[in-house]
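Trainee: To start, I am sharing the structure in question, which I have written as structure tokens.
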Amino acid sequence: MTFRYAPLTAQDQPAVVQHLLSLDADDRVLRFNTTAPDEKVVEYCGRWNHADDIVEGAWEGERLIGLIHLPVFRVGADLVGELGVSVAADRRKRGVATRLALRTLDSSRRRGLDRIYINFLTRNRPMMCLARRFTDDIALDGDETVATIHLDAAPRNDADAADQSRPSGDGCGHRPCAAGRGPCAAGCSG
Ligand SMILES: CC(C)(COP(=O)(O)OP(=O)(O)OC[C@H]1O[C@@H](n2cnc3c(N)ncnc32)[C@H](O)[C@@H]1OP(=O)(O)O)[C@@H](O)C(=O)NCCC(=O)NCCS
């Protein structure tokens, strides 16, 4: 199965809305850290600022099967972004989120961002695995977790390798989650 990866523009917004509305109730809780009825999802999409935000998509033909939205903002003198990601349920565990994240990190470095934050529920094991690919700076605070990717740091070799030779759907059990750490501590065997 071949996916096409590309930045998303304002013209892609109907596909963005359709993709996010296709997430079931629990996926929406995982994506937004709260329940998100249809009207809230549509309203949220209407607030995206394509001129400033970094938005990457994965397409299968005409269907948008995954995306990352990274609003960019200043914290003091630093330029930072906050990453939100989702992949269609029937296209997961194929490396789509990893590939989208790699593209987003590249764009963020080009834009001169200092850090990327990822806020997610601690029970979200796929997200914990994904975050561990890119950073060791992961702070658990009860139900919520914040991962911080420091972009001045050199890219991690394992993430680079994953982009080039990603096997499909084999979870964390077959390879280390992060360099030298061994199988994912979050227990990401699916
Ligand atoms: C989190 C999410 C984006 C991952 O998408 P994906 O395309 O399946 O992710 P990848 O295939 O790139 O895999 C990323 C990691 O998660 C692991 N993983 C994927 N699905 C998993 C599952 N169901 N159980 C455990 N681990 C899983 C993979 O093994 C991989 O770990 P590894 O890199 O250590 O091998 C997807 O599950 C999703 O859309 N969830 C709902 C929305 C959400 O939770 N968003 C995050 C909040 S910002």
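The values are calculated or read from the model by the stated rules, or taken from the named source; none is laboratory data. Quick caveat: nothing in here was measured; it's all calculated off a predicted structure. All Cβ positions, even for glycine, are placed from backbone atoms using ideal geometry, and neighbour counts span all protein chains on display.
Trainee: Kindly provide the set of residues from the range 64-78 that are crowded, with 16+ Cβ neighbours inside 10 Å and farther than 19 Å from Leu21 by Cβ, ordered by number.
Mentor: The answer is Leu70, Pro71, Val72.
Trainee: Could I ask something else about it? Quick check on Trp48: is it part of a strand (DSSP E or B) and touching a residue at least 12 places away in the same chain (Cβ under 8 Å)? Show your work before the answer.
Mentor: Details: part of a strand (DSSP E or B): no; touching a residue at least 12 places away in the same chain (Cβ under 8 Å): yes.
Criteria not met by Trp48.
Trainee: Which members of the range 1-50 meet the condition of being away from the ligand (no atom under 15 Å from the Cβ), surrounded by fewer than 16 Cβ atoms within 10 Å (Cβ to Cβ) and hydrophobic (A, V, I, L, M, F, W, C)?
Mentor: The answer is Ala6, Ala10, Val42.
Trainee: Taking the range 115-143 only, how many residues are in contact with a helix residue (DSSP H, G or I) (Cβ under 9 Å, 6 or more places away or on another chain), near the ligand (Cβ under 10 Å from one of its atoms) and assigned to a strand (DSSP E or B)?
Mentor: Looking only at that region, the number is 3.
Trainee: Write out, first by first residue and then by second, each pair whose Cβ atoms fall under 9 Å of each other, whose residues are 6+ apart or on separate chains, and whose first residue, in the range 24-39, is hydroxyl-bearing (Ser, Thr, Tyr) while the second is near the ligand (Cβ under 9 Å from one of its atoms) and in a helix (DSSP H, G or I).
Mentor: Note: pairs meeting the criteria are Thr34/Arg28; Thr35/Arg28; Thr35/Val29.
Trainee: Quick one: how many residues across the range 56-72 are more than 17 Å from Leu30 (Cβ to Cβ) and either of a type outside the set (Asp, Glu) or part of a strand (DSSP E or B) (or both)?
Mentor: Residues in the range 56-72 being more than 17 Å from Leu30 (Cβ to Cβ) and either of a type outside the set (Asp, Glu) or part of a strand (DSSP E or B) (or both): 11 in total.
Trainee: Turning to a different aspect of this structure: Are any of the residues in the range 86-101 out of contact with any helix residue (DSSP H, G or I) (no Cβ under 6 Å at 6 or more places or on another chain), crowded, with 23+ Cβ neighbours inside 10 Å, not small (Gly, Ala, Ser) and not in a helix (DSSP H, G or I)?
Mentor: No: the range 86-101 contains no residue that is out of contact with any helix residue (DSSP H, G or I) (no Cβ under 6 Å at 6 or more places or on another chain), crowded, with 23+ Cβ neighbours inside 10 Å, not small (Gly, Ala, Ser) and not in a helix (DSSP H, G or I).
Trainee: Just a yes or no: is a residue in the range 125-135 surrounded by fewer than 18 Cβ atoms within 10 Å (Cβ to Cβ), within 13 Å of the chain's Cα centre (by Cα) and aromatic (Phe, Trp, Tyr)?
Mentor: no
Trainee: Can you find even one residue in the range 103-114 that is within 13 Å of Arg4 (Cα to Cα), touching a Gly at 6+ places or on another chain (Cβ under 7 Å) and of a type outside the set (S, T, N, Q)?
Mentor: No.
Trainee: Within the range 144-174, take every residue that is modelled with pLDDT of 95 or more and within 15 Å of Val85 (Cβ to Cβ) and give me the one that is farthest from the ligand (Cβ to nearest atom).
Mentor: Ile149
Trainee: Starting from residues that are of a type in the set (D, E, K, R) and in contact with a strand residue (DSSP E or B) (Cβ under 7 Å, 6 or more places away or on another chain), keep the ones in the range 71-85 and report whichever is nearest to the ligand (Cβ to nearest atom).
Mentor: The qualifying residue nearest to the ligand (Cβ to nearest atom) is Glu82.
Trainee: Could you grab the pairs with beta carbons closer than 6 Å, sequence gap of 6+ or different chains, first residue in the range 57-85 and touching a residue at least 60 places away in the same chain (Cβ under 8 Å), second one surrounded by fewer than 23 Cβ atoms within 10 Å (Cβ to Cβ) and not aliphatic (A, V, I, L, M)?
Mentor: Ile65/Arg91
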